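*Asks:* Structure below; questions to follow.
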Amino acid sequence: MSRVLNDSPRVNADTRRHVLDAIERLGYRPNRAARALGSGLSNTVTVVVANTTLYGYAATLQGIEEAARSAGFAVGVRVVESDGPADVQHAVEHVSDPNAGGVVVIAFDTAGAEVLRALPANVPAVAATEAGGLAGVSRSMVFLDERQAAVDATSTCWTWGIARCTT
C-alpha cells in the first residue's frame, strides 16, 4: 500500500487501482505519525512559550500558527511554566526529539531564553525575541526593533481628516 500512496513507479496499473479502491471503500487515512517515522520527516512545529495570554505572546503565537498552517504544518504548543531549571529541562525534553519537527521558541522572557539556550544543537529551532536577539545564542532569531519602528512611525507625515503630522 505504501508504494501506491507514495506514487511508486514500481506498481502496475491494476494493482494500483485495486489498492486505491480498497482505500476508498475502507475509508483509510494515513497516520501522520507513522509516515513521519518512516520518512524521518515531520510536518509539525512545536511552539515553546511562557505565556499565552499576554498580547505580544498571543499575537506572535497566532502569526506562527497561521504561517505554519498555510505551509502545511501542524502546530503544537508547549508552555514552559517558569525559568526554573526543572521547568526549562522539562520543556527541552519535550521538544528535543530531532525527528519530531521544528521548534519555535517565543523568547520574550527569561523562561523562553533559557529554553532556547538549553536546546541541543541537533534540534531545528528558531526564536522570536526582544529587540537585538539573545547574546551568546547561535540560533536564527526574528525580532522587531520597536524603538526604531516608533521613530519611523512618528517621523512619517500623513493626513487624518484636518489634522496634519509634520516633522
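*Asks:* Order of 46-52, 145-151 by packing, highest average Cβ count within 10 Å first?
*Replies:* In descending order of packing, they fall as 46-52, 145-151.
*Asks:* Turning to a different aspect of this structure: Listing 141, 1 from the residue with the fewest other Cβ atoms within 10 Å to the one with the most, what is the order?
*Replies:* Going from sparsest to densest Cβ surroundings: 1, 141.
*Asks:* If you don't mind, another one. What order do you get for 143, 108 when you list them from fewest to most C-beta neighbours inside 10 Å?
*Replies:* By the 10 Å Cβ count, ascending: 143, 108.
*Asks:* Right, here's the next one. Looking at the P(r) of the range 31-152, how many percent of alpha-carbon pairs lie beyond 19 Å?
*Replies:* Cα-Cα pairs of the range 31-152 separated by over 19 Å account for 48 percent.
*Asks:* Once Rh is set to the Kirkwood radius over Cα pairs, what Stokes-Einstein translational diffusion coefficient, in µm²/s, holds for the range 83-135 at a temperature of 37 °C and a viscosity of 0.692 mPa s?
*Replies:* In µm²/s, the coefficient rounds to 295.
*Asks:* I would also like to ask the following. Need the full-extension length gain, residue 20 to residue 149, defined as separation in residues times 0.36 nm minus the C-alpha distance. One decimal, nm.
*Replies:* That pair, residue 20 and residue 149, stretches by 41.0 nm at full extension.
*Asks:* Here's another thing I want to ask about it. By count of other Cβ within 10 Å, fewest leading, how are 80, 92 ordered?
*Replies:* 92, 80
Bear in mind that the values in this text are calculations on the coordinates, not laboratory data. Bear in mind the structure is a predicted one, so any value in this text is a computation, not a measurement. Here the Cβ is made from the backbone with ideal geometry for all residues, glycine too, and neighbour counts use every protein chain on show.
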